[in-house]
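Colleague: Below you'll find the structure I mean.
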Number of protein chains: 2
Amino acid sequence: MKNFLFLLLAILCQITLHAEDGYRLWLRYDKVDAPHLTALRIEAAPVAQKELTTALEGLLGKPLPLLLNTLTEGTLLVGTPARLTTVAALHLEKDLAPLGEEGFLIRSLTISGKHVTLVTANTDNGLLYGIFHFLRLIQTQQSISDLNISSAPSLPYRILDHWDNLNRTVERGYAGFSIFNWFTLPGYLDQRYTDYARANASIGINGTVLNNVNASPLILTSEYLEKAAALAGVFRPYGIRVYLSVNFASPITIGGLRTADPLDPAVQDWWKKKTDEVYKYIPDFGGFLVKANSEGQPGPQNYGRTHADGANMLADALAPHKGIVMWRAFVYSESSEDRAKQAYNEFKPLDGLFRKNVWVQVKNGPIDFQPREPYHPLFGAMPRTPLMLEFQLTQEYLGFSTHLAYLAPLFRECLDAGPPVSSAITGMAGVANIGNDIDWCGHPFGQANWYAFGRLAWDQHLSSGQIADEWIRQTFSNNPAFVDTVKRIMLASREAIVDYMTPLGLHHIMGYGHHYGPAPWYNKAPRADWNPVYFHRADSAGIGFDRTATGSNALEQYPPDVRALWENADNCPDRWLLWWHHVAWDHRMHTGRTLWEELCHKYYTGVDSVRWMEKAWNAVKNDIDQQRARQISMLLSIQEHEAAWWRDACLLYFQTFSRQPLPAGAELPAHTLDYYEKLNFNNAPGTLR
Amino acid sequence: MKNFLFLLLAILCQITLHAEDGYRLWLRYDKVDAPHLTALRIEAAPVAQKELTTALEGLLGKPLPLLLNTLTEGTLLVGTPARLTTVAALHLEKDLAPLGEEGFLIRSLTISGKHVTLVTANTDNGLLYGIFHFLRLIQTQQSISDLNISSAPSLPYRILDHWDNLNRTVERGYAGFSIFNWFTLPGYLDQRYTDYARANASIGINGTVLNNVNASPLILTSEYLEKAAALAGVFRPYGIRVYLSVNFASPITIGGLRTADPLDPAVQDWWKKKTDEVYKYIPDFGGFLVKANSEGQPGPQNYGRTHADGANMLADALAPHKGIVMWRAFVYSESSEDRAKQAYNEFKPLDGLFRKNVWVQVKNGPIDFQPREPYHPLFGAMPRTPLMLEFQLTQEYLGFSTHLAYLAPLFRECLDAGPPVSSAITGMAGVANIGNDIDWCGHPFGQANWYAFGRLAWDQHLSSGQIADEWIRQTFSNNPAFVDTVKRIMLASREAIVDYMTPLGLHHIMGYGHHYGPAPWYNKAPRADWNPVYFHRADSAGIGFDRTATGSNALEQYPPDVRALWENADNCPDRWLLWWHHVAWDHRMHTGRTLWEELCHKYYTGVDSVRWMEKAWNAVKNDIDQQRARQISMLLSIQEHEAAWWRDACLLYFQTFSRQPLPAGAELPAHTLDYYEKLNFNNAPGTLR
C-alpha cells in the first residue's frame, strides 16, 4: 500500500509540473514547507478571499478548513473590524488608526485561549494588501509564530506609466506589445487584465496610466473611454485606479476648437466637460498625465503660456472629482543651453504657482534614464510643489530585455541621494516594462524591476538585497544556496552594465533612435543634444562634459553641500567624474590609474562581471525548472556578447582621441572600429509607432 | 491509510489544475479513460520519444514501464524497421513501401504470443506522424484493440504562410503580433518555437513560410538568414522545412544592381549566388514564395517579362538544391476587366511554360478569401502546372478573431468543387491565424482552423464533422453531450457568417482598408475594384454582379458543366445567385420568396443562428474550465452584437434601392443607416505595417 502511495505521489507530482513560462510572476503559490495553520476564518472582499484561499491551498498543499463562527488553535483570522465582530472586539483602534486607508496589521495573538494569526486593516483595500503580505511571509518561508507587523505605504501615489499606444505598439517596449487590447475592449476582458491587477496589488501599486505620454487624442473619445472604463472595472477591486495620458491639443483635434490656449474660456470649458464625461465612465478616475512642450508634444507654451497655466487648467477641471494632474518636467528645447539644466530652469521659477492637485513628475536624473545619473536638481528645489519621482523600468538604456539588470540599486541610489529625494516626493511613477510576452517582461529578471518598484514605493526603507531575496524566493526557489548566488548576481548586475556601457559618468552614447548598442561616434542627429558626441565631448585633450562653473555650470542647480562633492575633479567620485568634468586622458584617478587606464579597466571589468554572472547562474540553474534555466542562460550569453561589443566599440572609438594602447595582455576587440560604426539595426524593438 | 491516500490524491489533483489559457492547443495530454497498455518499447528520434513518453504519462496518469529488449502482453511497440530488429523481423516491406517518406502504419498484432500495438514507418519523420496519430486515438478515447491503420499524406506540400513582418506586425493578424521575435534571434530560442513545431507536426504540416508575401528585402540579408537558420534548426526535428517570401526587387534593394529583370544575366547570377548562400545557412531550405506584380509589389512585368520568366529564374537558382518556387496567381491590375477574371487571363496562357519546380499558388476563390466564393477557375485550367491551393485561416473577412467561424466546411466546399480541385493540386497553403496571444489564435475556436487545415492537407477525405469531433475531444472534453453540441455549433458557424455578412452570393462589402464590419455603401477607394459598390452593384432594378455572357462573362472561364449550373438565374443555386447575376428585387427565389424577402430572411437567419450558438454554448460550457468557458461566452456576445450590426447596416442600405419594407414583425435596426455609415474605426488590428 505504501509503495502504491508513493508511486501515486510520484505520478501526480509529475503531472503537477506546470510549464514554468513565467506567466505566474512571483505569485506562483506552489507547495512550500509551510508553517502550522489549522484553519481559516475570513470575511473579506471576494477577490481577497479567492486570492487567499487559492494561494494557501497551493502553498500548504491542502485547502484549510473554513471556520464560520468558531476559532480553533492555530487559526488564521482575516477581516476588518467592520466585517468581523471577533476582530472588532479586539479594539485595535489605536493600532489601526495610523495605518490609514491602505495600511494593514498582522499579529500573532491569543483569543479566548486560542493562538491565532490575525490579518486586519481599516479597509478592504488595506486587508487585501495585508493578505498579500502574509502570503509573502509563507512563500518566503518566514516564521509566522510571533508576528507583530504594522505596515502603511510610504507614498500615497504608486503608479505604473504604460508607454502603450492604442494600436498596441509600446514605445520603448521590449516584451512584445501592449497587454491592453483596445480593439476587443470593452466586450472582451482578457484574464491577463485580472492577473495584471493581482500582481500590482500584491506589491502595493495603486494606479496605472494606460497609455503613452506621447498621447493619442483618441483616448478621450467616448469610444476609448468606454474601453478604459472596462479596464477600470477589472482593476477597481484590487485598489488600482486608472489614469490617462492626454494630448494637450485635444480640444482642437477631437474638440473641434481653434485653439488649445489654457487661458481661453472655451478651452477651459471643453476640458471641464470632457473631464466630467471621463468621470461618468470612471467614477474613481485618478487623473491626467501630461507630456507638454517636450519632444514635439503640444503644450501651453504654444500659446505663450507657462506649464503652470496648462497644468492648472486641467487641475481645475479635475478638482471637483478629486482627480490629480501629473505634469512631466521632462522638457528640453533646442538651445545652446546644457540639456541637463533646462528642466530646472523652466520649472524652478514655477514653484508655488501650481494648484494643490498638480504633481510635477520628475525623472530620477536630469538627462534621460541613463544607467547612472546624478539625482535630478529639481528634487529639493521646489519645496512648494509635490513631486512625482519617475523611474524607468523598461530598459531603454540598459540593454532592452536581453540584459539582466536589477534596478533596485539604481532606485535606491536616487532615493538615498541628498537632499533626501524621498522627502520631496508624493509618489513614484514607474515606466512599465510589461508587454504581452507570456512572461510579461521578456526577461525573467525584468519581473524583479516591476516587483522592486512596487515594494520600494510602498516601503522606502527596503534594501535592494531584501527585495531581491523575497523576489527570488517567490519567483524561483527558497533553496538557500540558490537564493544567495542569484542575489549576488542581481546586486552586481546594474554596476556591471554601467561599467560596460557608460563608466565614470559617461552617458547617452548609445545608438541613435532605437538606442540599441554603442554609438559614441554618432553625430548626425537633427539636434545637437541627441548626439552622443554632445555628451561625451571626447577630444585629444580628454573626455567628459564640463558642467562646473568653467563649463555649463549645471552644478549650480544643486545645493552647496552637493556641489562641494562634485565640483572639484580631483575629489569628485570616479562614478560621476565625466558627468561633471572634462578630464585629461592622463588625469590621475583615485585608483592610481590614469583616466584612460581606468576607462579601459572599467569596460573590461564590466564584461568580466557578465562572464561571472553567466558562470554563477549556470552553477545553480539546475535548482529550478529547465525552461527558465535555459531561457536565462541564453539571455546571459547574449548579454555577454553585447557587453563585449560595447567595450570594444567604445574603447576603439575613444582610443582615437587618447591615442593610448589598450591594457597589456587585454582581450583584443573582435572587430575594427569601422566594423562597429557600420553596423545598423533594422526593426529594433520599441520604436514602432 | 486509505483516507490519507485519497486526501493526498484530492490535494495533488487540485494542484495539477493548469490555468487553461489555451497555450497547449489540442496537445493537452491530461488524463483520460485510457485503453490497456502495459509497457512501452520505443526506438525513435529524441523529440518523438519525448513527445510520446510525456504524452502517455499525462494521458494514462502514470509513466509506462520502458522495455529495452523484451515484449510483454499489451506492449506499445514504436520504431522503424531500421531502428528495431523486432520490427524489421515482421517484414512489413510490402505494407510500408506505399507509405513513402511520411506515411505510417499502426497495427494490432501478435508477436511470439504477445498482443502488442505497433507504430512504425519507413522514416523517423513518418514515425513521428504515427506517434501523433496514435496519441490522437487515445486523446479521443478510441479503441486500440484491433488497429490496422495505414496513412500517407494526400499532398506532399502542407504549408503555413505567415503574413508576419520583420517588425512583428502581422498583416491581417488578429491574435496579437508575430510569434517570430527576429530581434532576439538567433541567440534566444523561445520555447514557443518548439511548441509551434510540435503543433504543426501533430497535424502533418511540413512547411512554414516565415514572412509576409509583401516581403521586406531584408529577409535575404545575412543578418536575417542567420536568424531564419536558427528557426529552421528548431523545426527540423519535427519534419518542418522553412520557406521564405522574397521581394522580386531584392537584387536592386539589397544587391545594389540597377535592375531586377529576370532575363538579365547579372540578375540571374545574383539570385543564384543568393540562393546558394541561403542553402549554406539552411541546407534543407524549402524554397521561395513570391507575390509579384500584385497590389504594388514589384515583378517581372516591370521589365516587360512574364510571370513565367520571373518564376523560372528563381526556379533555376533553386533547382540544384531541390528547392521550389511558389508563385502566387493573386494578381489583378487596375483595369475595366472584372477583377474575378484577371488571374485566369494572366496565368492560363502560361500553362506549360513554368519550370518543373514551380508551383503556381491559387487562392480558393477568384476574388479574395470571402465567406463564400466559387472555386477559382484556374483549378483544372492549368493541367501542365502543379498548383498550390491557398486558403486563409486568419479571418480577414470572417469576423477577425472575435467571431467563431469553423472553416473546414469552407475548405471542403472548395476541395469538393468540380472539376475536382483536389486532383489539380500538389499542396495546400494556409495563411496562418497564429499570433503571440497566449492562446495562439485569439479565439479558442480559431485553433480549430489551424487544426482542420493540417488534417485536411494530410487526408483530403476527412469530413468537417470528423475533424471537429477529434479537435473538440482533444481541446476541451470527451463528454459526448458536450462534443455533440459544440460540433453542431462549429458546423453551423460558417454558414451563419455567410448569412449575416454576405448571403446569396454577395461579396466584398466590408469596411475599406481594415475590412472590419459592413460598408456596402463605400465608394471612395482609389480603385474601383476595391469598392463594395463595385461588387454588389445594387440599383433600383436589383442587385448582384452579372458575370454571365450578358455581363463580364467571368463564367466562360469555367468548364461547360459548371457553367450550366450557374449561368441561368432561374436555376442557379441561391448561394451563388448574386455572384453571377444582377437580379431584380422581385425575382422569385426557389424558396418562393422574392429576392428582397430572401435577402432579409438570410440576414435575420444569420443573427438568429449566432443567438442559437450562444445559447447552445452557455448550456454546455460548464463541462469545461471556467477560463475558456467565460472567454468564449464573451466572444460570442461580441459576435452576436456584430452580426446584428452587419444585418442592420446592410439591409438599411440595400433597402434604399429595393424600397421595400423589412419583414413584418422583424426586430428593428438599432440605429439609422446614417449612424452606421458614419462609424469609423481607429487602430483596427491587422493593418499596422
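Colleague: Give the long-range amide H neighbours of B:Phe177: residues separated by 5 or more places, or on another chain, with amide H under 5 Å away, using H modelled in the peptide plane at 1.01 Å from N.
Modeller: B:Asn436, B:Asp437
Colleague: Counting residues in segment A:22-151 as N, plug N into 2.2 N^0.38 Å and put the Cα Rg over that result. Numbers along the way, then the final one.
Modeller: Working: Rg = 13.7 Å, N = 130, 2.2 N^0.38 = 14.0 Å.
Normalised Cα radius of gyration, segment A:22-151: 0.98.
Colleague: Sticking with this structure for a sec: Over every pair of different alpha-carbon atoms in segment B:400-544, take the mean of 1/r and invert it; report that Kirkwood radius in Å. Present the calculation step by step, with values, prior to reporting the outcome.
Modeller: Working: mean 1/r = 0.0578 Å⁻¹.
When all Cα pairs of segment B:400-544 are included, the Kirkwood radius is 17.3 Å.
Colleague: Consider all pairwise Cα distances in the protein assembly as shown and report the whole-number % of them above 48 Å. Don't skip to the answer; put the middle values down first.
Modeller: Details: 391315 of 948753 pairs.
When all Cα pairs of the protein assembly as shown are counted, 41 percent exceed 48 Å.
Colleague: Looking at A:Pro35, B:Ala569, B:Leu410, which one has the Cα that reaches farthest to the positive end of the dipole of the protein assembly as shown (charges on Cβ: Lys, Arg +1; Asp, Glu -1)?
Modeller: A:Pro35
Colleague: Still on this structure, please answer the following. Which translational diffusion coefficient, to the nearest whole µm²/s, is obtained for segment A:15-90 from the Stokes-Einstein equation, given a Kirkwood hydrodynamic radius over C-alpha pairs, 20 °C and 1.002 mPa s?
Modeller: Rounded, D is 155 µm²/s.
Colleague: On to the next question. Which whole-number percentage describes the relative contact order of chain B, with Cα contacts under 8 Å and a sequence gap of 6 or more? Walk me through the numbers before you get to the answer.
Modeller: Working: 1336 pairs, mean separation 79.3, N = 689.
That works out to 12 percent.
Colleague: For segment A:312-454, with only Lys/Arg (+1) and Asp/Glu (-1) charged at the beta-carbon, what is the dipole magnitude about the Cα centre, in debye rounded to 20?
Modeller: Values: 11 positive and 14 negative charges, 105 e Å.
Result for segment A:312-454 is approximately 500 debye, rounded to the nearest 20.
Colleague: On to the next question. Quick one: Karplus J couplings for segment A:348-358, per residue in order, coefficients 6.51, -1.76, 1.60, θ = phi - 60°, nearest Hz, x for Gly and Pro?
Modeller: 3, x, 8, 4, x, 9, 8, 4, 5, 9, 10
Colleague: Another question about this same structure. Averaged across A:57-63, how many Cβ atoms of other chains sit within 10 Å of each residue's Cβ atom?
Modeller: Mean shielding count: 3.
Colleague: Cα centroid distance between segment B:255-331 and segment B:84-127, in Å?
Modeller: 41 Å
Colleague: Here's something else I'd like to know. Assign one of three labels to segment A:610-689, namely rounded, prolate or oblate, based on the Cα gyration tensor with a ≥ b ≥ c the square roots of its eigenvalues; rounded applies when a/c is under 1.5, prolate when it is not and a/b is larger than b/c, and oblate otherwise. It would help to have the intermediate numbers written out before the result.
Modeller: Values: a/c = 3.89, a/b = 1.49, b/c = 2.61.
It is oblate, given that a/c is not under 1.5 and a/b is not larger than b/c.
Colleague: Right, something else. Please order B:Met613, B:Met501 by the number of other Cβ within 10 Å, starting at the fewest. Write out the running numbers ahead of the final one.
Modeller: On the way: B:Met613 24, B:Met501 27.
Lowest to highest Cβ neighbour count: B:Met613, B:Met501.
Colleague: Now, a different point. D for chain B, whole µm²/s, Stokes-Einstein with Kirkwood Rh over alpha-carbon pairs at 25 °C and 0.890 mPa s: what number? Intermediate results must be reported in sequence, preceding the final value.
Modeller: On the way: Rh = 26.8 Å.
So the translational diffusion coefficient is about 91 µm²/s.
Colleague: Of all alpha-carbon pairs in segment B:310-359, indicate the percentage at a distance above 17 angstrom.
Modeller: Details: 517 of 1225 pairs.
Looking at segment B:310-359, the distances longer than 17 Å represent 42 percent of pairs.
Colleague: Another one. Between A:Ala82 and the same site in the other copies, what are the distances in nm, shortest first, taking label points 7 Å from Cα along the C-beta direction?
Modeller: Result, one decimal in nm: 7.3.
Colleague: To continue, here is another question. For segment B:130-169 and segment A:556-618, what is the separation of their C-alpha centers, rounded to whole Å?
Modeller: 60 Å
Colleague: Apply the Karplus parameterisation 6.51 cos²θ - 1.76 cosθ + 1.60, with θ equal to phi minus 60°, to every residue of segment B:578-593 and state each ³J(HN,Hα) to the nearest whole Hz, in sequence, with x for glycine and proline.
Modeller: 7, 6, 9, 9, 8, 10, 5, 4, 9, 3, 7, 7, 5, 7, x, 7
Colleague: Mind giving me the FRET efficiency for A:Arg384 and A:Ser333? R0 is 35 Å, r the Cβ-Cβ distance, nearest 0.05 is fine.
Modeller: Working from the Cβ atoms, E equals 0.90.
Colleague: Could you work out [θ]222 nm for chain B from helices alone, using -39500 (n - 2.57) per DSSP H run of at least four and dividing by all its residues? Round to the nearest 500 deg cm²/dmol. Numbers along the way, then the final one.
Modeller: On the way: 22 runs with 262 residues, N = 689.
When only DSSP H runs of four or more count, the value is -12000 deg cm²/dmol.
Colleague: When only C-alpha pairs under 8 Å and at least 6 residues apart count, what is the relative contact order of segment A:500-678, in percent?
Modeller: Details: 249 pairs, mean separation 42.7, N = 179.
Computed value for segment A:500-678: 24 percent relative contact order.
Colleague: What is the packing order of peptides A:471-479, A:199-207, taking the mean over residues of other C-beta atoms within 10 Å and listing the highest first?
Modeller: Numbers: A:471-479: 21.4, A:199-207: 24.4.
Per-residue mean Cβ counts within 10 Å order the peptides as A:199-207, A:471-479.
Colleague: Equivalent-ellipsoid semi-axes (√(5λ), Cα gyration tensor) for segment A:185-280, whole Å, largest first?
Modeller: On the way: eigenvalues 169, 34, 24 Å².
Here the semi-axes work out to 29, 13, 11 Å.
Colleague: Can you list residues whose amide H is under 5 Å from A:Gln392's amide H, if they're 5+ apart or on another chain and H is modeled 1.01 Å from N?
Modeller: The list, which skips near neighbours in sequence, is A:Val431.
Colleague: In debye, nearest 20, what is the charge dipole magnitude of the protein assembly as shown about its Cα centre with +1 on Lys and Arg Cβ and -1 on Asp and Glu Cβ, if you could check?
Modeller: 1220 debye
Colleague: Moving on. With a cut-off of 8 Å between alpha carbons and a minimum separation of six or more residues, what is the relative contact order of segment A:22-151 in percent? Don't skip to the end; give the middle numbers.
Modeller: Working: 245 pairs, mean separation 34.6, N = 130.
Contact order relative to length: 27 percent.
Colleague: Across segment A:157-475, how large is the tail of the calculated P(r) beyond 30 Å, expressed as a percent of all Cα pairs? Mind showing how you got there, number by number?
Modeller: Values: 14958 of 50721 pairs.
Percentage above 30 Å: 29.
Colleague: Using θ = phi - 60° and the Karplus curve 6.51 cos²θ - 1.76 cosθ + 1.60, what whole-Hz ³J(HN,Hα) does each residue of segment A:160-176 get, with Gly and Pro shown as x?
Modeller: Coupling constants for segment A:160-176: 8, 9, 8, 8, 8, 8, 5, 8, 6, 6, 10, 5, 6, x, 10, 10, x Hz.
Colleague: Which translational diffusion coefficient, to the nearest whole µm²/s, is obtained for segment B:466-538 from the Stokes-Einstein equation, given a Kirkwood hydrodynamic radius over C-alpha pairs, 4 °C and 1.567 mPa s? Could you put the intermediate results ahead of the total?
Modeller: Working: Rh = 14.6 Å.
D = 89 µm²/s.
Colleague: Using a Debye calculation, one point per C-alpha and no hydration shell, please list log10 I(q)/I(0) for segment A:433-490 at q = 0.18, 0.27 Å⁻¹ in order.
Modeller: -0.62, -1.11
Colleague: Okay, moving on. Looking at B:Ala249, B:Tyr279, B:Ala452, which one has the Cα that reaches farthest to the positive end of the dipole of segment B:157-475 (charges on Cβ: Lys, Arg +1; Asp, Glu -1)?
Modeller: So the residue furthest toward the plus end is B:Tyr279.
Colleague: Another question about this same structure. If one computes the Cα centroid of segment A:631-689 and of segment A:484-547, what distance in Å separates the two points?
Modeller: Rounded to whole Å, the Cα centres lie 12 Å apart.
Colleague: So, with +1 on the Cβ of K and R and -1 on the Cβ of D and E, and no other charges, what is the size of the charge dipole of chain A about its Cα centre, to the nearest 20 debye?
Modeller: Numbers: 61 positive and 70 negative charges, 215 e Å.
Dipole size: approximately 1040 debye.
Colleague: Taking beta carbons within 10 Å but only from partner chains, what does the mean come to for residues B:174-187? Write down the numbers at each step before the final one.
Modeller: Values: counts 2, 0, 7, 8, 2, 1, 0, 4, 3, 12, 10, 0, 1, 8.
Rounded to a whole number, the mean comes out at 4.
Colleague: Quickly work out the B:Asn148-to-A:Asp269 label distance, labels modelled 7 Å from Cα along the C-beta direction, and quote it in nm with one decimal.
Modeller: In this crude spin-label approximation the distance works out to 8.9 nm.
Colleague: Quick one: order A:Ile438, B:Ile509, B:Ile254 by neighbouring beta-carbon count within 10 Å, fewest to most. Walk me through the numbers on the way to the answer.
Modeller: Numbers: A:Ile438 20, B:Ile509 25, B:Ile254 17.
Least to most surrounded, the residues fall as B:Ile254, A:Ile438, B:Ile509.
Colleague: Placing the label point 7 Å from Cα along the Cα-to-Cβ direction, what are the distances from B:Gly511 to the equivalent spots in the other copies, shortest first, in nm to one decimal?
Modeller: Between copies, matching label points for B:Gly511 lie 3.5 nm apart.
Colleague: Also, I was wondering about something else. Shortest first and in nm with one decimal, please list how far the B:Asp561 label point sits from its counterparts in the other copies (point 7 Å along Cα→Cβ).
Modeller: Shortest to longest, the spacings are 9.7 nm.
Colleague: For the cross-link pairs A:Lys227/A:Lys274; A:Lys50/A:Lys322; B:Lys273/B:Lys322, which exceed 27 Å when the distance is taken from alpha carbon to alpha carbon? Kindly include the intermediate steps, with their values, before the conclusion.
Modeller: Values: A:Lys227/A:Lys274 16 Å; A:Lys50/A:Lys322 31 Å; B:Lys273/B:Lys322 15 Å.
Violating the 27 Å Cα-Cα cut-off are A:Lys50/A:Lys322.
Colleague: What residues have an amide H closer than 5 Å to that of B:Leu160, excluding those fewer than 5 places away on the same chain, when H is modeled at 1.01 Å from N in the peptide plane?
Modeller: Those lying under 5 Å, H to H, from B:Leu160 are B:Gly207, B:Thr208, B:Val209, B:Gly430.
Colleague: Using the 10 angstrom Cβ neighbour count as an exposure proxy, how do B:Phe482, B:Phe134 rank, fewest first?
Modeller: Working: B:Phe482 19, B:Phe134 23.
By the 10 Å Cβ count, ascending: B:Phe482, B:Phe134.
Colleague: Using a basic spin-label model with each label point 7 Å from the Cα along Cα→Cβ, how many nm lie between B:Leu491 and A:Asn682?
Modeller: That separation, rounded to one decimal, is 4.8 nm.
Values in this text are rule-based calculations from the coordinates and carry no lab data. Small disclaimer: the values here were computed from a predicted structure and weren't measured. With ideal geometry, Cβ positions are generated from the backbone for all residues, glycine too; neighbour counts draw on all protein chains shown.
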